[in-house]
Amino acid sequence: MQAYEPKIICFSCCFGWGYLTGRDVLSVKIKHWIPVICSGKLDSTHIMKAFREGADGVLILGCPDGDCHFQDGNYQTRKKVHLLHKVLVSYGIDPRRLRMELGTDPEGDTIPKLIQSMSRELRQMGPVKMTDHAVEARP
Amino acid sequence: MTKKPKVAIYWLGACGGCDEAIVDLNELLLDVASAIEIVLWPLAMDGKYDSIKRLPDGAIALSIIHGNVRNSEHEEMARLLRAKSQIVLGFGSCACFGGATGLANFCGRDSIMQWVYRDSPTVENPKGETPKPVSTVDGNTLTLPEILDHVYALNQVIPVDYYLPGCPPPPDLISHAITAVLEGKLPPRGAALAPQKALCESCPRNETKPPRIDIKEIKRPHEVEVDSHVCFLVEGVICMGPATRGGCGETCLRINTPCRGCFGPVEGVEDAGAKFLSAFASLVRATTDEQVQSIMEKFYDPVGYLYRFTQPSSTLGKRNKVRETV
């Protein structure tokens, strides 16, 4: 039997993460990587949809505090993450499955490492087991 | 004598408030009643399910169905009325989105049954009896509808042609919807027979709203007295208006109560709770992470607020019974 490998969707800000490396190069290294124009562009619906469609974890990479190209997009999303943690619990999704890291890495070398470290934690937790039966609808 | 269009009004998992809203049409109900033939309306008249079963398919012009699908009887009646009707109108929040009792999906059927029939402090049930679909008493077999393990919105069980949200829908939208059906002036199928924009658009308090709202503390309605012309969010009181469809007549706002979201998401949005979460988070003003956390801690029971009427149709809570049974 194949070892369980958590599926982590990684949204990263184009202005802070991996902008010096070609997108095609990084997307080979990073599975389920979605660069976005700003972490503030992320809506709660995107994160919920990711879990709905089978993600075991969502990792959001934003720019350092006070360093957002669009003033405060990272701050806006961090507030959403705080509230989302409280909402996900009710659906049976452990809040540790949604993580937001602030920082910058123009080459994007640390992105696979961050995903690996999150994977280690998620592997111990196993697949998402949602309350009720939403889990049945997952592919 | 010309044939009047047949209309059925039926309740599934509902409180009866939607029926009351139809009765609240008052004199207009008499005009409506003279233009149609009501074949089924359990609240107002006697009727037998068999008489509906005997009708040919598509014989009913309009079925107004309110309530969610929670037990096997609801499911059976929803399917029967769908087969016999040309148009099905999902009436009220329960039919449209699952409604307030859809919050039961956060607990699951078994834990609810255990609480209600075993664990609740006011229960005395030494034999541990629970309702069963079939039971035998003195040699007689008694049957009850079986409670499903999930609360479904109507369109998760049968195809629904039109939606009229609200808890309950207001009389002006009801009369507008019935007239539109009788006159054949209906929008494309699948539409909600209500305005498309958010409640804030028509909210009388919108005029005094400042250009920017900064929430530094979340307050519950009983903790602050909000002036009748001031936006609730300005005072830190959670009001679902920004993510809720308008058209309700702002009845809650007029009695100084914040919007609770009974009209569901605006046009094109699936999950009103998620949208409100994003909107609300952007209004919270704090300088440090700890401050954000301490403000959000006062957002008690967030899913209760965000999904008070829409859990069964939310992104993470929806489940499709049509697909499950095919």
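The values are calculated or read from the model by the stated rules, or taken from the named source; none is laboratory data. Please read all numbers here as calculations on a predicted model, not as lab measurements. Cβ: placed from backbone, ideal geometry, glycine included. Neighbour counts: every protein chain shown.
Among the residues here, B:Leu12 qualifies as of a type in the set (A, V, I, L, M, F, W, C), surrounded by 20 or more Cβ atoms within 10 Å (Cβ to Cβ) and modelled with pLDDT of 95 or more.
Scanning the stretch B:71-87 for residues that are aliphatic (A, V, I, L, M) and assigned to a strand (DSSP E or B) returns a single hit, B:Ile87.
Answer yes or no as to whether A:Asp94 is free of Cβ contacts under 8 Å to residues at least 60 places away in the same chain, at the interface with chain B (Cβ under 9 Å from one of its Cβ atoms), in contact with a helix residue (DSSP H, G or I) (Cβ under 7 Å, 6 or more places away or on another chain) and surrounded by fewer than 19 Cβ atoms within 10 Å (Cβ to Cβ). When the stated conditions are applied, A:Asp94 does not pass them. If I ask for residues that are surrounded by fewer than 18 Cβ atoms within 10 Å (Cβ to Cβ) and touching an Asp or Glu at 6+ places or on another chain (Cβ under 8 Å), which ones from the stretch B:273-292 would you list? Within the stretch B:273-292, B:Leu283, B:Arg285 meet the criteria.
You will find that of B:Gly273, B:Gly304, B:Gly317, the residue that is within 9 Å of chain A (Cβ to nearest Cβ), assigned to a loop (DSSP other than H, G, I, E, B) and among the small types (Gly, Ala, Ser) is B:Gly317 and no other.
In the stretch B:277-288, how many are touching a His at 6+ places or on another chain (Cβ under 9 Å) and more than 7 Å from chain A (Cβ to nearest Cβ)? The qualifying residues number 0. Filtering B:Phe299, B:Phe263 for residues that are surrounded by fewer than 22 Cβ atoms within 10 Å (Cβ to Cβ), in a loop (DSSP other than H, G, I, E, B) and either within 14 Å of chain A (Cβ to nearest Cβ) or modelled with pLDDT of 95 or more (or both) leaves a single hit, B:Phe299. Answer yes if at least one residue in the stretch B:234-244 is over 21 Å from the mean Cα position of the chain (by Cα) and closer than 26 Å to B:Pro169 by Cα, and no otherwise. Yes: one or more hits.
Kindly indicate whether any position in the stretch A:102-116 is basic (Lys, Arg) and within 10 Å of chain B (Cβ to nearest Cβ). The answer is no; no qualifying residue exists. Residues of the stretch B:42-53 include at least one that is in contact with a strand residue (DSSP E or B) (Cβ under 6 Å, 6 or more places away or on another chain) and modelled with pLDDT under 95. Scanning the stretch A:53-69 turns up no residue that is part of a helix (DSSP H, G or I), among the aliphatic types (A, V, I, L, M), within 24 Å of B:Thr315 (Cα to Cα) and in contact with a helix residue (DSSP H, G or I) (Cβ under 9 Å, 6 or more places away or on another chain). Mind listing whichever residues of the stretch B:194-209 are surrounded by fewer than 19 Cβ atoms within 10 Å (Cβ to Cβ) and charged (D, E, K, R)? Selection gives B:Lys197, B:Glu201, B:Glu207, B:Lys209.
With respect to the conditions (1) out of contact with any His (no Cβ under 8 Å at 6 or more places or on another chain); (2) of a type in the set (A, V, I, L, M, F, W, C); (3) not in a loop (DSSP other than H, G, I, E, B), B:Phe309 falls short on a single one, namely (3). Restricted to the stretch A:6-52, and to residues there that are within 14 Å of chain B (Cβ to nearest Cβ) and part of a loop (DSSP other than H, G, I, E, B), the residue that is surrounded by the most Cβ atoms within 10 Å (Cβ to Cβ) is A:Leu42. Residues that are touching a residue at least 60 places away in the same chain (Cβ under 8 Å), part of a loop (DSSP other than H, G, I, E, B) and surrounded by 17 or more Cβ atoms within 10 Å (Cβ to Cβ) within the stretch B:221-252 comprise B:Ile238, B:Met240, B:Gly247, B:Cys248, listed in sequence order.
One residue is enough: does the stretch B:271-286 have a residue meeting the conditions over 16 Å from B:Cys96 (Cβ atoms) and among the polar types (S, T, N, Q)? Yes: the stretch B:271-286 contains one or more residues that are over 16 Å from B:Cys96 (Cβ atoms) and among the polar types (S, T, N, Q).
Residue-by-condition table, conditions (1) farther than 17 Å from B:Gln311 by Cα; (2) within 14 Å of chain A (Cβ to nearest Cβ):
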residue	(1), (2)
B:Ser63	yes, no
B:Ser93	no, no
B:Gly98	no, yes
B:Gly128	yes, no
B:Asn140	yes, no
B:Leu154	no, no
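Taking the criterion of being among the polar types (S, T, N, Q) and in contact (Cβ under 8 Å) with a residue 24 or more places away in the chain, the residues of the stretch B:131-184 that qualify are B:Asn155, B:Gln156, B:Ser175.
B:Gly58 satisfies every condition listed in (1) surrounded by 14 or more Cβ atoms within 10 Å (Cβ to Cβ); (2) farther than 22 Å from B:Pro145 by Cα except (1).
So that you can scan it fast, the table gives a plain yes or no per residue for (1) outside any loop (DSSP other than H, G, I, E, B); (2) in contact (Cβ under 8 Å) with a residue 24 or more places away in the chain; (3) in contact with a His (Cβ under 8 Å, 6 or more places away or on another chain):
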site	(1), (2), (3)
B:Lys4	no, yes, no
B:Cys18	yes, yes, yes
B:Ile22	yes, yes, no
B:Val39	yes, yes, no
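Kindly check whether there is at least one residue in the stretch B:61-72 that is surrounded by 14 or more Cβ atoms within 10 Å (Cβ to Cβ), of a type in the set (D, E, K, R) and touching a helix residue (DSSP H, G or I) at 6+ places or on another chain (Cβ under 9 Å). Within the stretch B:61-72, one or more residues are surrounded by 14 or more Cβ atoms within 10 Å (Cβ to Cβ), of a type in the set (D, E, K, R) and touching a helix residue (DSSP H, G or I) at 6+ places or on another chain (Cβ under 9 Å). Scanning the stretch B:57-70 for residues that are in a loop (DSSP other than H, G, I, E, B) and over 16 Å from B:Ile38 (Cα atoms) yields B:Asp57, B:Gly67.
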